[in-house]
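All remarks here apply to the structure that follows.
What follows is calculated from the coordinates using simple rules that are stated; it is not laboratory data. Note that the structure is predicted; figures quoted are calculated from it, not measured. Note: ideal-geometry Cβ built from the backbone for every residue, glycine included; neighbour counts use all protein chains shown.
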Amino acid sequence: MEQQYLALNRLDRLLGRAGWIDQATAMQPYLNERRGHFHGEVMGVARPRDSGQLVDIVTVAGEYGLGVIAQGGNTGLCGGAAPSGMKPEIIVSLERMNRILASEPLDDVIVAEAGCTLAQVQQAAERIGRCFPITYAVREECTIGGNIATNAGGMNTIRYGNTRRWVLGLEVVLADGSLWNNLKYLHKDNSNYALQELFIGTEGTLGIVTKAALRLAAKPGRVYTAMLAVPDIGAAVKGLCHLRRVSGDRIITCELLSRACVEIVRRHMPDAVMPLWMDAPWYLLLEIETGRDETILDECLASGIESRWLLDWKKGGDDEIRRQWWKIRNSIPSIQKMEGASIKHDLSVPISRMDQLVTQGCTAMKAICPDVRPMIFGHLGDGNLHFNLSQPPDMAPERFLSMWDECSERMHDLVMMLGGSIAAEHGIGQLKRRELQRTQSPLTLRLMRAVKNALDPEDILNPGKVVPPAPGQAVRSVSSLIGVDGASENQGETDGSK
Ligand SMILES: Cc1cc2nc3c(=O)[nH]c(=O)nc-3n(C[C@H](O)[C@H](O)[C@H](O)COP(=O)(O)OP(=O)(O)OC[C@H]3O[C@@H](n4cnc5c(N)ncnc54)[C@H](O)[C@@H]3O)c2cc1C
């Protein structure tokens, strides 16, 4: 304990008033995890102003055995930026490191500090006539460092890929306090092991990203927006495949919304402009970059009705309609909250198997909880669904949430059978650590531990996240993590079960 006070004193002196918070109320905003599932305490919150200060923080933490949790916008959905309670921890918020450091039109690159929001990065790209194409609902809050750490996807992945594709160079603070400067703008570089990939999508467990050199794209030209009503997922996939060919792979977005999702939006947002006049089982919100001639798309959609993969469609003629449709799509997560407790899954499968995922997934969930209300939406174009479940209206929220582990196990078994992933774009964090351990091969787990041990043998960076513990050690279940099973401690499985 005395050692920890010495560490906190050093951090206080190092960072000063603007950079160090240790009063309980001032720390609270950093501890409030968005879904309210993860609760914990830290010894303080560090707010470094630059990479040099971050190096000092990690060095002190290493000397005194403190865990260091990197935090960007705190919009993550898996408890990755929340304390794990595995050891005394501090949060390092990147919020003061939020400068755009360079814009290089000839190289088609901008360099940003990790605490810049995604919106800031997009605006910087716009200023030089280009675009940073990763985007989604919370772009004003999430940071580019968090996007890199989670390899964020979003609405445009079908056209532009994940964040990984747009990272050319990184500067990273490592667990031993060294600063790895790989802030290059190169499109070709086979001079090392592609080490920078280690820091993308690894959720702050291998290094803390401080700066990034980001590749830019051309701004899309004219965009054709349409809302489609489809009879089932198989038809939606068939239509997507057709449109991909007709448009020459120019689909920017293909978002799927179930009728249940549209209905809750209608219930809670009575002024929302509903997409189509008929009640379809599924809707697709589509954006396609076009040349001037859009008749080919009009014809394709008109013929979709004749071929019966399409029930109805409407073209989004002006910006206001488009804004309204996106409002419906982007409101689903917050409106689902108003419907009571929810159990959420972020899954991907090959697109050809999405129909099976939805049909068999709904059957499996109803077998566990007959009145459960599936709220399925997501990025159809990437095979990525948010297979969310809302509680039956008359069930106590705690009782519903206590089914989380059983629902997830069934759902993840199905996903593995279909050749998919239990963590498509939101990451593992604390939430899916046990499921990672259960669904991945012993060899994959061994490789993950080997990488973690090589880069962070003392487990300083984001302890208790992503990497499952060594064989024989337990991982907490979701019910225990979110406190709905009455169990307080490590109830779990041992390593290696597939
Ligand atoms: C309404 C809503 C919609 C969303 N939609 C999408 C979506 O469509 N696609 C998608 O991919 N995600 C989505 N997310 C999830 C979330 O926004 C992303 O995971 C995002 O990339 C997190 O960024 P952040 O800055 O908020 O990171 P945080 O939440 O602060 O942290 C997330 C993880 O990254 C680590 N981390 C943060 N900064 C750094 C850094 N500088 N260096 C190293 N590690 C770091 C943290 O330790 C933590 O493990 C959504 C979230 C919400 C609330």
If packing is taken as the average number of other Cβ atoms within 10 Å across a peptide's residues, how do 403-413, 292-302 rank, most packed first? 403-413, 292-302
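For the residues 5, 64, what sequence is obtained by ranking on other C-beta atoms within 10 Å, fewest first? Can you show the working numbers first?
Values: 5 11, 64 16.
Fewest-to-most ranking of 5, 64: 5, 64.
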Whole-angstrom gap from the range 262-277 to the range 111-144, using each part's C-alpha centre: 30
I want to check the label-to-label distance for residue 197 and residue 180. Put each point 7 Å from Cα in the C-beta direction and report it in nm to one decimal. 1.3
What is the packing order of peptides 71-77, 333-339, taking the mean over residues of other C-beta atoms within 10 Å and listing the highest first? 71-77, 333-339
What size of dipole, in debye to the nearest 20, comes out for the range 2-93 about its Cα centre when the only charges are +1 on Lys and Arg C-beta atoms and -1 on Asp and Glu C-beta atoms? 240
Can you give the local net charge around residue 164? Use residues other than it whose beta-carbon is closer than 12 angstrom to its beta-carbon, Lys and Arg +1, Asp and Glu -1. 0
Label-point separation, residue 470 to residue 450 (7 Å along Cα→Cβ), nm: 1.7
Aspartates and glutamates near residue 366 by alpha-carbon distance under 16 Å, same-chain residues fewer than 8 away left out - which ones? 394, 405, 406, 409, 413
To the nearest 500 deg cm²/dmol, what mean residue ellipticity at 222 nm is calculated for the chain from DSSP H runs of n ≥ 4 alone, each contributing -39,500 (n - 2.57), summed and divided by the residues? -10500 deg cm²/dmol
Angle check, please: helix 233-246 long axis (alpha carbons) against the longest principal axis of the chain (alpha carbons), in degrees 0 to 90, nearest 10. 90
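Count charges around residue 371 for me, please; just the other residues with Cβ under 15 Å from its Cβ, Lys/Arg as +1, Asp/Glu as -1.
Values: positive: 366, 373, 399; negative: 339, 394.
Neighbourhood net charge equals +1.
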Quick one: which residues, 5 or more positions from residue 476 or on another chain, have an amide H under 5 Å from its amide H? H modelled 1.01 Å from N in the peptide plane, none for Pro or chain starts. none
Roughly speaking, what is the centre-to-centre gap between the range 165-189 and the range 391-416 when only Cα atoms are used, to the nearest Å? 40
Fewest-first ordering of 148, 460, 100 by Cβ atoms within 10 Å yields 100, 460, 148
Going toward the positive end of the dipole of the range 206-345, with +1 on Lys and Arg Cβ and -1 on Asp and Glu Cβ, which of 217, 240, 317 do you reach last? 217
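In debye, nearest 20, what is the charge dipole magnitude of the range 323-428 about its Cα centre with +1 on Lys and Arg Cβ and -1 on Asp and Glu Cβ, if you could check? Mind showing how you got there, number by number?
Working: 10 positive and 12 negative charges, 91 e Å.
So the magnitude is around 440 debye.
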For the residue pair residue 371 and residue 25, what label-to-label distance in nm results when each label sits 7 Å from Cα along the Cα-to-beta-carbon direction? 4.2
The chain: angle of helix 51-64 to the longest principal axis, Cα-based, in degrees nearest 10: 60
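If we sort 180-191, 224-235, 320-331 on the protection proxy, mean other Cβ atoms within 10 Å, highest first, what's the order?
On the way: 180-191: 12.6, 224-235: 20.7, 320-331: 16.8.
Result, highest mean Cβ count within 10 Å first: 224-235, 320-331, 180-191.
Can you give the net charge of the other residues whose Cβ lies under 14 Å from the Cβ of residue 210, counting K and R as +1 and D and E as -1? Kindly include the intermediate steps, with their values, before the conclusion.
Numbers: positive: 47, 49, 96, 99, 211; negative: 50, 56, 95, 113, 171.
Spelling it out: positives minus negatives among the neighbours equals 0.
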Which residues does the label zone of residue 96 cover in the range 1-33, counting backbone N under 12 Å from a point 7 Å along Cα→Cβ? 12-21
Please turn the phi angles of the range 218-224 into ³J(HN,Hα) values with the Karplus equation 6.51 cos²θ - 1.76 cosθ + 1.60 (θ = phi - 60°), one per residue in order, whole Hz, x for glycine and proline. 5, 5, x, x, 5, 10, 9
Ranking of 449, 127 by count of other Cβ atoms within 10 Å, fewest first: 127, 449
Helix 319-338 sits off the longest principal axis of the Cα atoms of the chain, rounded to the nearest 10 on a 0 to 90 degree scale, by 60
Rounded to the nearest 0.05, what FRET efficiency do residue 327 and residue 307 give with R0 = 30 Å and r taken as the Cβ-Cβ distance? Could you check? 0.45
Give the aspartates and glutamates reachable from residue 238 as a straight Cα distance under 19 Å; neighbours fewer than 8 places away on the same chain don't count. 249, 255, 287, 298, 299, 306, 312, 355, 382
